[in-house]
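Structure first, then comments.
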2 protein chains.
Amino acid sequence: MIIVSFLEKSLLYLCDMEKCETIKAPQLNDFKSLDSSMLQQLKDGSQFIFIPKGRMVFKEGQQLTKLYCLEDGACKFSKMDTAGHEHILKLLGKGELLGKRSLISHQGAKVSARTLKDSRFWAMDRGVIQKAINENPKFCKQLLFALTDDLNQSEHSRVLFSSSKGIRQRLASLLLYLNDKFGINTDGELALQLKREDMAAILGTSPEYIINILKEFKSQNLISTSKTRIKIISTAALEKRFS
Amino acid sequence: MIIVSFLEKSLLYLCDMEKCETIKAPQLNDFKSLDSSMLQQLKDGSQFIFIPKGRMVFKEGQQLTKLYCLEDGACKFSKMDTAGHEHILKLLGKGELLGKRSLISHQGAKVSARTLKDSRFWAMDRGVIQKAINENPKFCKQLLFALTDDLNQSEHSRVLFSSSKGIRQRLASLLLYLNDKFGINTDGELALQLKREDMAAILGTSPEYIINILKEFKSQNLISTSKTRIKIISTAALEKRFS
DNA sequence: CCAAAAAGCTGACAATTATCATATTCTGTT
DNA sequence: AACAGAATATGATAATTGTCAGCTTTTTGG
């Protein structure tokens, strides 16, 4: 039954695709300064993939054969610790790349990637990418920039969400981060709805405690919730109290 | 007086240098697979620098004009959070590079670097490095590998030292990590002596609490201390109890 | 729309961690 | 060897966080 549902979504997606593809090209944030002929080459050697919410894109340790560009949707990178707990290291949005490191260094993936929304990818073959690395200095340099940026972001979020700040403050930082990176929907709610469990896996605590603090935030009129969605009432108030 | 001391050490170092340099070439772990002509080019366009323990090499935000290779000694990378607390992101040992990102992307440094021991660097000029990036595909690819590795390490230590594990376990992980990466001296004590404050800044807690747990470890015969140095009595016992 | 499964919530109690002021030891410099 | 300043140690108290079992709501698939 999961398969039927998967197929349905895929078919819906395929119907849309023809319209979509002509309307807007894949974004490839990380390669935005590449010249168009290079972009075209990458585009030619790639195919679209649809993966519904909650599915694994690839798993820690797996040898990748594709470089993925997230055309639309959202994903998480995570690692398991020795005790079997998940640690979410990065949230990915439109235009971001998945699999860079594995293709650069021929190692298995160091993180697992899972979709947080229904997502569309542009999957580029290993061969195309490796040819580009070896033959096109500009591409290689773009990759350098992309990795530099990855490291910067990784360290930034490490400080942002690290302990030594109390979970209240870290959760406030996370809500503001979600607001900045993924924006809000038409009702003003955070566009990326994370499970309490995922928030806990980002901040290094338990889902129950996240829930307790969210309740506190609600009672302080910093946020409101409807069903399981969260709306920030005032980003300024959140920032002020917890930054 | 600090200056006198600095000069003395520098002079001592200069006296040693002639002997040293002919004996062993800088290690450049990150570039180890480069051909020797490339290594020679890098070496020609560089100079030795001595920086005593506890000094800043560069500061968050600073525009760098050198790529540093740590010939001997040890350093830390850290960032300040909005509350002014230090977060140590990485410990660096022999052969590691400092300043890669700043030279790749012309941005200010994203971290501060400070020596944890008297240290010798090989400082390569920005011009030499940028020429190498642009003209030598092999060098560019080596940098890709180095950055990939940085990211891998960053994520690994993020999981290793993250909350969700209790500080007892994180501190045990840290001691084992220090043992692996920096080894022990002739008395069997950890070769890199970190201040309790630095341990706290790695694990995201307070120096006092670190001290309390070290006392606990001592009473459990997992470690012993003499003066302020730490000796792991049995790595196996530490691993067993806290992994 | 229904049933089942998943996710969210509750609150009290236990465990962990932060903090403080103070005391001791260590380090580098004369 | 002695000094000053830094780093380390102490321990009790307060605050934060983890945990549990059971409950309610929401989502999912059909």
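Summary of values
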{"item": "Output for the range A:203-219, where each listed residue is more than 7 Å from DNA strand D (Cβ to nearest atom) and either touching a helix residue (DSSP H, G or I) at 6+ places or on another chain (Cβ under 8 Å) or not assigned by TED's automatic domain parsing to the domain that holds A:GLY183 (or both)", "result": "A:LEU203, A:PRO207, A:ILE210, A:ILE211, A:ILE213, A:LEU214, A:GLU216, A:PHE217"}
{"item": "Spans of helices (runs of 4 or more DSSP H) in the range B:131-243 with at least 2 residues within 30 Å of A:ILE133 (Cβ to Cβ)", "result": "B:137-160"}
{"item": "Candidate set from the range A:154-197 (those that are more than 9 Å from chain B (Cβ to nearest Cβ) and of a type in the set (Lys, Arg)); member that is farthest from DNA strand D (Cβ to nearest atom)", "result": "A:LYS181"}
{"item": "Residue in the range B:162-170 that is of a type in the set (Lys, Arg), within 11 Å of DNA strand C (Cβ to nearest atom), at pLDDT below 95 and surrounded by 20 or more Cβ atoms within 10 Å (Cβ to Cβ) present", "result": "yes"}
{"item": "Given (1) modelled with pLDDT under 65; (2) charged (D, E, K, R); (3) within 22 Å of A:GLY99 (Cα to Cα), number of the condition A:LYS9 does not satisfy", "result": "(3)"}
{"item": "Residue pairs meeting the criteria (Cβ under 7 Å; at least 6 apart or on separate chains; first within 21 Å of B:GLN220 (Cβ to Cβ), in the range B:169-197; second polar (S, T, N, Q))", "result": "B:LEU176/B:THR235; B:ASN179/B:THR235; B:LEU190/B:ASN179"}
{"item": "The range A:208-228: number of residues that are surrounded by 14 or more Cβ atoms within 10 Å (Cβ to Cβ) and either within 14 Å of chain B (Cβ to nearest Cβ) or among the hydrophobic types (A, V, I, L, M, F, W, C) (or both)", "result": "7"}
{"item": "Residue in the range B:120-142 that is within 16 Å of DNA strand D (Cβ to nearest atom) and within 16 Å of the chain's Cα centre (by Cα) present", "result": "no"}
{"item": "Every residue from the range B:60-74 that is in a strand (DSSP E or B) and either surrounded by fewer than 20 Cβ atoms within 10 Å (Cβ to Cβ) or within 14 Å of chain A (Cβ to nearest Cβ) (or both)", "result": "B:LEU67, B:ASP72"}
{"item": "Hits in the range B:210-225 - residues which are under 24 Å from the mean Cα position of the chain (by Cα) and in contact (Cβ under 8 Å) with a residue 24 or more places away in the chain", "result": "B:ILE210, B:LEU214, B:ILE223"}
{"item": "Matching residues in the range A:88-99 - criterion: being at the interface with chain B (Cβ under 10 Å from one of its Cβ atoms) and surrounded by fewer than 22 Cβ atoms within 10 Å (Cβ to Cβ)", "result": "A:LYS90"}
{"item": "Qualifying residue in the range A:115-137 (condition: within 16 Å of DNA strand C (Cβ to nearest atom) and touching a strand residue (DSSP E or B) at 6+ places or on another chain (Cβ under 6 Å))", "result": "yes"}
{"item": "Residue list for the range A:137-152, filter: polar (S, T, N, Q) and surrounded by fewer than 17 Cβ atoms within 10 Å (Cβ to Cβ)", "result": "A:ASN152"}
{"item": "Any hit, the range B:172-189, residues being near DNA strand C (Cβ under 9 Å from one of its atoms) and crowded, with 16+ Cβ neighbours inside 10 Å", "result": "no"}
{"item": "Unique residue being more than 17 Å from B:GLY99 (Cα to Cα) and either at pLDDT below 95 or among the hydroxyl-bearing types (Ser, Thr, Tyr) (or both) when the list is B:LYS138, B:LYS181", "result": "B:LYS138"}
{"item": "Residue, farthest from DNA strand C (Cβ to nearest atom), within the range B:226-238, restricted to residues that are more than 23 Å from the chain's Cα centre (by Cα) and touching a residue at least 12 places away in the same chain (Cβ under 8 Å)", "result": "B:SER234"}
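For (1) over 20 Å from B:ARG158 (Cβ atoms); (2) in a loop (DSSP other than H, G, I, E, B); (3) not assigned by TED's automatic domain parsing to the domain that holds B:ARG55, each residue gets a yes or a no:
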residue	(1), (2), (3)
B:LYS76	no, no, no
B:LYS79	no, no, no
B:THR82	no, yes, no
B:LYS90	no, no, no
B:GLY95	yes, yes, no
B:ARG101	no, no, no
B:ILE104	yes, no, no
B:GLY108	yes, yes, no
B:ALA113	no, no, no
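The values are calculated or read from the model by the stated rules, or taken from the named source; none is laboratory data. Note that the structure is a prediction, hence the values are computed from the model and not measured. Neighbour counts are summed over all protein chains in view; Cβ atoms, including those assigned to glycine, are modelled from backbone coordinates with ideal geometry.
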